[in-house]
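The values are calculated or read from the model by the stated rules, or taken from the named source; none is laboratory data. Every value quoted in this text rests on a predicted model; they were computed, and no experiment measured them. Heads up, the Cβs are rebuilt from the backbone with ideal geometry, glycines too, and the neighbour counts pull from every protein chain shown. For the accessible areas, the whole protein counts, side chains as well, though only heavy atoms, and no ligand, DNA or RNA atoms are used. Shrake-Rupley method; radii C 1.70, N 1.55, O 1.52, S 1.80 Å.
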Amino acid sequence: MDMMKNKNTLLHLLVPVALLAAGAQAAPKKPVKVFILAGQSNMHGHGEIAKGEKGNLEWVVENKPAYKHLAGADGQWTVRNDVFVYSTDKNDKTRTGGLTAGFGALPTTIGPELQFGHAVGDFYDNDVLLIKAAWGGKSLAVDFCPPSAAGEAGYAHIPGAPKDTGFYYVQMLARVHDVLADIGTYVPGYEGQGYEIAGFGWHQGWNDRVSKPFNAAYERNMELFIRDVRRDLGTPNLPFVIATTGMRSMQAKDPRGDALIRAQQAMANVPDFNGNVAVVDTAAFWRDAADSPSKQNYHWNRNAESYLLIGQSMADALIALAQQNPSCAVRGAGKVPGLLAPTPPMGWNSWNAFEKEINEDIIRRTADLMVSTGLRDAGYDFLVIDDAWMANVRDEDGKLIADYEKFPRGMKAVGDYIHSKGLKYGIYQCRGHVTCQDLPGSFEHEEADMQSFADWGVDYIKLDSCYARKNGRLSSEDYAIYGAAIEKTGRPMILSISDFGQGAWIWGGKNYSQLWRTSGDIFPRINSVYRCAETSGGSGSSHPGFNGLWQFAGPGHWNDPDMLQVGNLKDPAYDKVHFSLWCVLAAPLMAGNDLRTMTDPTKQILLAPELIAVNQDPRGQQGYKVYNQDEIEIYNKPLSDGTTAVLLLNKGTNTTDVTVQWSQIGLSGEQPVRDLWERKELGTFTGSFTAEQLAQHGHRFVRVGTLGGAPLPGPVPTPPEKYTVMNKGTTRLADLYYVMKEGQAPTFDNGLRVKSESRVMYRLAGNADRFKASISLDAPSPDDAKGTFIVLVEDKFGGREIFKQEKMAKSDAPVEVDIDVSGLDFIMLEFTGKGAFGHWADARVESETAAD
Ligand code: GLA
């Protein structure tokens, strides 16, 4: 290794920032190289920094020229600004920062990380992150027990307590994945360059030496550990190095110490570990007690030089292995850093497959399957536990608790297990006093519940709205409370608004959440799929003038037409249309099928890489319709790479050709076309592309254009004056786009004609003073119909009624409405009554105060 290739990125050598800024634009950063350093006390690190006469770090730096780089001319320990450490001390207190002395088991000690970090940091141009996952006194046989060593099907239950088999295996991976999910926090200056897991270092042994059965099982356990870690990290040939345990002094008189070292050395001879697993013999790094700070044999007599040598040798071995193995896939690159949901969230949610019938075993098996089926590595990284996980009462302190029949180890242990699989943890709650399944809701427990979630390591909260109408708070007020409660926990958690599509896109959902429902619940029928898609991609929940809700979505905030029913529909062809629609709509992809019985065709659909790439395109442009007639739909989704994804769909019963003209998608002339399902080039087409003979539900999903060109223009957003009261005097609501609707679309004359149940929201933006209308039951109503007219502030869950006319009969004379709406941002006109039709005649607002 070339130690001279020093990047001079040590803090005390830093070039002044101003000088750099004057130069040319910096090249994009390379992915962060991530190394995991795991094991027990010796990996934690007991090399003394100052204690003792000889062999401490100060002594080493003074006496051994090879380690001069560890301190600056000023006598301070060097702090690197290109190598960063995540570590915990003996008391499990987190420590992070630029690599320096003091990341050992205590701030006064070092472990192998110090010289390891210098060596890899010097070798790679990339920024480096070291994740230390070490705990003293832990065995491979029990504490770090890999799932495959714990029985054919893995652990019998989720390891939830320190004494459970595999508890520290789970903790180790959970921490690694947590850190990687939030890499920008640990790597200052992170710019979304992504990361690659570059190597794993293991240094451990004492507790497996002292127990005879542990000792005998070590070789097998070590081999399974390497295989399981690679699987759970999604890194098949991850370079792996074992530094033999520190029992050199005892070897002669201790056959078990000897056996353990031999078991470690045997890893180099496992046939398929050849070239990707290395064992470094540490015997030569022994320093006698007389030359060391202490006589603590196993802890290398607390000699700093021993730890430096171990670190250097591990780095050398990993770098050598890395030369032979192509690096593991870069993850997270291109996404806008700092956003909780830079692209639409992907994952799995328990509701569609299991409804209330969930438990720890199902969740654990689903987590395992998300890894083994490849879903996780395709991007499905949230595992969301929906309604009915909680007990039907809170504990005596008012805290939410698990239904212990279903989740005997509680919700934190489930979360740790999910995290250990490289998945993120999602959970359900409701802002009503009870959930949609009548279990304890979060109303008036907001702070405590969000804190419980943070304590359990939750990453994603699905917040439902059943019974919220009783809260006496507007939806925007409710969500502001949750937003603040989440922020107070200090844990970044995605908030997913589940309100069946009540207009969060317009009333400011993006101030508190990353996604919001646009629809009612999805059911496993193709018509339900189409209905949900229409709420986001068409006029299902907004005025047709908007041409869908695309203008309200983008990196960080998404329209959610509900979770996937892929695998639950009658026909795989329906599953495919469903998936295509969700991909073109940049919808969150939350699988909702039972993974235990997933068929191969379903798996192929959920894993379709080129569709996922369209959905996850970092530009975040939601697809929109460029054609919509006679049950033929063509959607266009311009991508970040200069091409555009085009979905051609026939919903009608007649088989027909469907043609997209290049002029409809901002292109002209000859263009290459690629089929995203088939993953093959279809050739070059001039002026248009035709999907031939599409039967009902038939579709084609293609990518058009040349890769690498300038991004194609997106659609033009609807300007606010179309959907906002802006002018002084009278504004007829029939002349404005409503911003949200539920139920059938109104028809317009001088006012609105509606069919029960109907809800229509208008944006006043504080610019109106009075709302006026003349209300009556409309002609098509049956003679015995009764209709109720309500004007609400904002949406129906706000529940704040500013006008109510109950149970009007068809024969009743029209009632004049004339109410104060000053200062209101939104009003909703609600009309209910079985079979009834209503007329908001002459519906209008009047304004004295509007700007113009
Ligand atoms: C509502 C939601 C569903 C599901 C159930 C759970 O209906 O819309 O997605 O969460 O509640 O009770």
Review point. With each label point set 7 Å from Cα along the Cα-Cβ vector, what nm distance links ASP254 and ASN269?
Key: 2.3 nm
Check your understanding: Say the dipole of the chain comes from +1 at the beta carbon of Lys and Arg and -1 at that of Asp and Glu; which of PRO213, GLY426, LEU260 then lies farthest toward its positive end?
Key -> LEU260
**Study point:** Debye, to nearest 20: dipole size of segment 474-573, +1 on Lys, Arg Cβ, -1 on Asp, Glu Cβ
**Key:** 140 debye
Practice item. For segment 639-705, state which trypsin sites (Lys or Arg not before Pro) are in a DSSP loop and have at most 14 other beta carbons lying within 10 Å of their beta carbon. Key: ARG679
Review point. Hey, what D do you get for segment 468-575 in µm²/s if you plug the Kirkwood alpha-carbon radius into Stokes-Einstein at 37 °C and 0.692 mPa s?
Key: 220 µm²/s
Review point. Counting other Cβ atoms within 10 Å of each Cβ, which GluC sites (Glu not before Pro) in segment 614-670 have at most 16 and sit in a DSSP loop?
Key: GLU631
Point to revise | Relative contact order of segment 479-597, pairs being alpha-carbon contacts under 8 Å that are 6 or more residues apart, as % | key: 20 percent
Practice item. At q = 0.24, 0.27, 0.28 Å⁻¹, work out log10 I(q)/I(0) for segment 93-166 with the Debye formula, treating every Cα as an identical point scatterer and leaving solvent out; two decimals please. Key: -1.01, -1.17, -1.24
Review point. Nearest 20 debye, what's the magnitude of the dipole of the chain about its Cα centre given +1 on Lys and Arg Cβ and -1 on Asp and Glu Cβ?
Key: 1520 debye
Point to revise | Accessible surface, 1.4 Å probe, highest first, among residues MET726, MET346 | key: MET726, MET346
Point to revise | Distance between modelled label sites at GLU816 and GLN604, nm, 7 Å Cα→Cβ extension | key: 6.9 nm
Study note, to complete from the structure: Helix-only [θ] at 222 nm, the chain, -39500 (n - 2.57) per DSSP H run of 4+, per residue, nearest 500, equals -7000 deg cm²/dmol
Practice item. Report, to the nearest whole %, how much of the accessible area of segment 228-289 belongs to carbon and sulfur atoms, 1.4 Å probe, protein only. Key: 49 percent
Point to revise | Modelled FRET efficiency - R0 41 Å, GLU801 with THR659, Cβ distances, 0.05 increments | key: 0.25
Revision key, fill the gap. DSSP beta bridges in the chain: the antiparallel percent, rounded to 5, is 65 percent
Exercise for review: May I ask which residue of ALA768, VAL83, VAL280 lies farthest towards the positive end of the charge dipole of the chain, with charges of +1 (Lys, Arg) and -1 (Asp, Glu) on Cβ and the Cα centre as origin?
Suggested key: VAL280
Point to revise | the chain: relative contact order as a whole-number percent, Cα under 8 Å and 6+ apart | key: 8 percent
Check your understanding: What residues qualify as long-range amide H neighbours of VAL817, i.e. H under 5 Å apart, gap of 5 or more or another chain, H built at 1.01 Å from N?
Key -> ALA773, SER774, ILE775
Study note, to complete from the structure: Taking protein heavy atoms only, a 1.4 Å probe, and rounding to whole percent, the accessible area of segment 501-632 owed to carbon and sulfur comes out at 48 percent
Exercise for review: In whole Hz, with x marking every Gly and Pro, tabulate ³J(HN,Hα) for segment 61-69 from phi via Karplus 6.51 cos²θ - 1.76 cosθ + 1.60, θ = phi - 60°.
Suggested key: 5, 6, 9, 10, x, 4, 10, 4, 5
Check your understanding: Could you name the lysines in cross-link range of LYS772, using Cα to Cα under 21 Å and dropping any fewer than eight places away on the same chain?
Key -> LYS722, LYS728, LYS741, LYS755, LYS796, LYS804, LYS807, LYS810
Revision key, fill the gap. Row for segment 552-636, column shape: gyration tensor on C-alpha, a ≥ b ≥ c, rounded if a/c < 1.5 i.e. under 1.5, prolate if a/b over b/c, else oblate; value oblate
Revision key, fill the gap. Taking alpha-carbon centroids only, segment 791-852 lies from segment 406-478 a number of Å equal to 34 Å
**Study point:** Whole-number Å³ per residue for the convex hull built on Cα positions in segment 324-375
**Key:** 139 Å³
**Study point:** Surface accessible to a 1.4 Å probe, per residue, for the residues of the chain, Å²
**Key:** 38 Å²
Practice item. Using all C-alpha to C-alpha distances in segment 639-720, build P(r) with 5 Å bins and read off the rounded percent in each one. Key: 3, 15, 23, 23, 17, 11, 6, 2, 0
Review point. What lysines could a cross-link reach from LYS576, if we take a straight Cα to Cα line under 24 Å and drop same-chain neighbours fewer than 8 places away?
Key: LYS603, LYS625, LYS637, LYS651, LYS680
Exercise for review: Mind pulling the per residue volume of the convex hull built on the Cα atoms of segment 695-852? Å³ is fine.
Suggested key: 174 Å³
Practice item. Just reorder VAL393, VAL270 by solvent-accessible area, largest first, 1.4 Å probe, all chains present. Key: VAL393, VAL270
**Study point:** Rounded to the nearest 20 debye, dipole of segment 765-852 from Cβ charges on Lys, Arg, Asp, Glu
**Key:** 380 debye
Exercise for review: Please state, to two decimals, what the Cα-based radius of gyration of the chain comes to when divided by 2.2 N^0.38 Å (N = residues).
Suggested key: 1.09
Review point. What share of Cα pairs, in percent, lie more than 19 angstrom apart in segment 240-329?
Key: 46 percent
Check your understanding: For segment 431-439, what does the Karplus curve 6.51 cos²θ - 1.76 cosθ + 1.60, with θ = phi - 60°, yield as ³J(HN,Hα) per residue in whole Hz, taken in order and with x for Gly and Pro?
Key -> 7, x, 6, 10, 7, 5, 9, 6, 9
Study note, to complete from the structure: Taking protein heavy atoms only, a 1.4 Å probe, and rounding to whole percent, the accessible area of segment 41-105 owed to carbon and sulfur comes out at 48 percent
Review point. Over segment 750-829, what relative contact order in percent results from Cα pairs under 8 Å that are six or more residues apart?
Key: 46 percent
Exercise for review: For the chain, just give the cysteines left without a disulfide-compatible partner, judged by no other Cys Cβ under 4.7 Å.
Suggested key: CYS145, CYS328, CYS430, CYS532, CYS583
Check your understanding: If the convex hull of the alpha-carbon atoms of segment 161-295 is projected onto planes in all directions, what is the mean projected area in square nanometres?
Key -> 11.2 nm²
Study note, to complete from the structure: For the chain, whose charge dipole is built from +1 on Lys and Arg Cβ atoms and -1 on Asp and Glu Cβ atoms, the candidate among LEU37, GLY338, ALA573 with its Cα farthest towards the positive end is LEU37
